[in-house]
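Trainee: Here you go, one structure.
The values are calculated or read from the model by the stated rules, or taken from the named source; none is laboratory data. It should be emphasised that the depicted structure is a prediction, and the values quoted were computed from it without experimental measurement. We place every Cβ from the backbone using ideal geometry, glycine too, and count neighbours over all the protein chains shown. All accessible areas refer to the heavy atoms of the entire protein, side chains included, with ligands and DNA or RNA removed. Shrake-Rupley method; radii C 1.70, N 1.55, O 1.52, S 1.80 Å.
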Amino acid sequence: MAQRRVEAVERALTLLEVFDQTHREFSLTELSQATGFYKSTILRLMASLEVFGYVVRDHRGIYRIGPAATRLAPLAVEGIQVEGLIRPVLESLRDTSGETASFYIRDGEERICLYRENGRHEVRHHLEQGTRLPLRQGAAGKALCDEHPHREVQVSLGEREPSVAAAAIGIERHDGELLGALALSGPRERFASSLDEHRRLLSERAAALESSLPRGPLRFH
């Protein structure tokens, strides 16, 4: 990724980052002292930022953050829509395994099927989004409980429903917060015969999803 970095963009962002609650305005000299950039470089970069509204400069030559930053700020506060991150993972799990892929979150002593992609087989485990199930039954329930390691694949072979088998793994954010659980489920006999492969798929997709999760706010709806 290093070869894709643009030095001028990084310098412009460095200039923006010197502004904070206690340093709301800067002169050209102060910006040079704060960043170590030449004044000529600062003038060019700030002129571009001013054109796009990210900074404003008054008659004294003092710079402040401009209205464009205010326009973008609410978008960051709202957070990234979780569905856009998880839906492609569920589709990949479904297409690779053929079984129903789902994502659960915990709500007290229940788990909610927040998103799902039903399996490709004619005989399959059919789930509806919004379905509520007991927390402490089934693979996804185990994956959402603190009694079980979140990053280990949990398995249920007919525990909640005798004809259904499932495997699930918890998804954690960078700070250890449990976001939810990825799960695969299907008819018990067929599912059990491919259990090792389902375990592998879940572990791989979970690791990839966790690495792609942003550090900022997330929202489910």
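Table: residues versus (1) at pLDDT 95 or above; (2) of a type in the set (A, V, I, L, M).
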| position | (1), (2) |
| --- | --- |
| A165 | yes, yes |
| D175 | no, no |
| A181 | yes, yes |
| S185 | yes, no |
| R200 | yes, no |
| E210 | no, no |
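Trainee: Hey, another quick one. Taking R199 and the conditions (1) exposed (fewer than 13 other Cβ atoms within 10 Å of the Cβ); (2) outside any loop (DSSP other than H, G, I, E, B); (3) among the basic types (K, R), which numbered condition does it fall short on, given that it satisfies the others?
Mentor: R199 satisfies all of (1) exposed (fewer than 13 other Cβ atoms within 10 Å of the Cβ); (2) outside any loop (DSSP other than H, G, I, E, B); (3) among the basic types (K, R) except (1).
Trainee: While we're here: Residue pairs, Cβ under 9 Å, 6 or more apart or interchain, first in the range 110-128 and part of a loop (DSSP other than H, G, I, E, B), second acidic (D, E). List them.
Mentor: Within 9 Å, the pairs are G119/E99; R120/D95; R120/E99; H121/E99; R124/E99; H125/E99; H125/E161.
Trainee: Also: Filter the range 19-55 down to the residues that are in a loop (DSSP other than H, G, I, E, B) and modelled with pLDDT of 95 or more and list them by number.
Mentor: Once the filter is applied, which keeps residues that are in a loop (DSSP other than H, G, I, E, B) and modelled with pLDDT of 95 or more, the range 19-55 yields S27, G36, F37, Y38.
Trainee: OK, next. What's the number of the condition S156 fails, among (1) small (G, A, S); (2) under 30 Å from V51 (Cα atoms); (3) open to solvent by less than 30 Å² (accessible area, probe 1.4 Å)?
Mentor: (2)
Trainee: Quick one: which of F26, F37, F19 is touching a residue at least 24 places away in the same chain (Cβ under 8 Å) and more than 22 Å from T70 (Cα to Cα)?
Mentor: Residue meeting the stated conditions: F37.
Trainee: Are any of the residues in the range 128-138 aliphatic (A, V, I, L, M), under 25 Å from E83 (Cβ atoms), over 19 Å from the mean Cα position of the chain (by Cα) and at pLDDT below 95?
Mentor: Yes, the conditions are met somewhere in the range 128-138.
Residue-by-condition table, conditions (1) in contact (Cβ under 8 Å) with a residue 12 or more places away in the chain; (2) buried (at least 23 other Cβ atoms within 10 Å of the Cβ); (3) part of a strand (DSSP E or B):
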site: V89; (1), (2), (3): yes, no, no
site: R94; (1), (2), (3): yes, no, no
site: S102; (1), (2), (3): yes, yes, yes
site: L133; (1), (2), (3): yes, no, yes
site: A143; (1), (2), (3): yes, yes, no
site: A166; (1), (2), (3): yes, yes, yes
site: I171; (1), (2), (3): yes, yes, yes
site: L182; (1), (2), (3): yes, yes, yes
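Trainee: If the Cβ limit is 8 Å and pairs must be 6+ apart or interchain, which residue in the range 194-208 that is in contact (Cβ under 8 Å) with a residue 40 or more places away in the chain and among the basic types (K, R) pairs with which residue that is buried (at least 16 other Cβ atoms within 10 Å of the Cβ) and not in a helix (DSSP H, G or I)?
Mentor: Going by the 8 Å Cβ cut-off, the qualifying pairs are R199/V153; R199/V155; R199/A167; R205/L182.
Trainee: Where residues in the range 40-53 are among the polar types (S, T, N, Q) and in contact (Cβ under 8 Å) with a residue 24 or more places away in the chain, which of them is most open to solvent (accessible area, probe 1.4 Å)?
Mentor: Per the criteria, the residue is S48.
Trainee: Okay, next question. Pairs please, first residue from the range 150-164 and among the small types (G, A, S), second anywhere and open to solvent by 70 Å² or more (accessible area, probe 1.4 Å), Cβ atoms under 8 Å, 6+ apart in sequence or on different chains.
Mentor: Once the first residue is among the small types (G, A, S) and sits in the range 150-164, its partners that are open to solvent by 70 Å² or more (accessible area, probe 1.4 Å) give S156/Q137; G158/R188; S163/R188.
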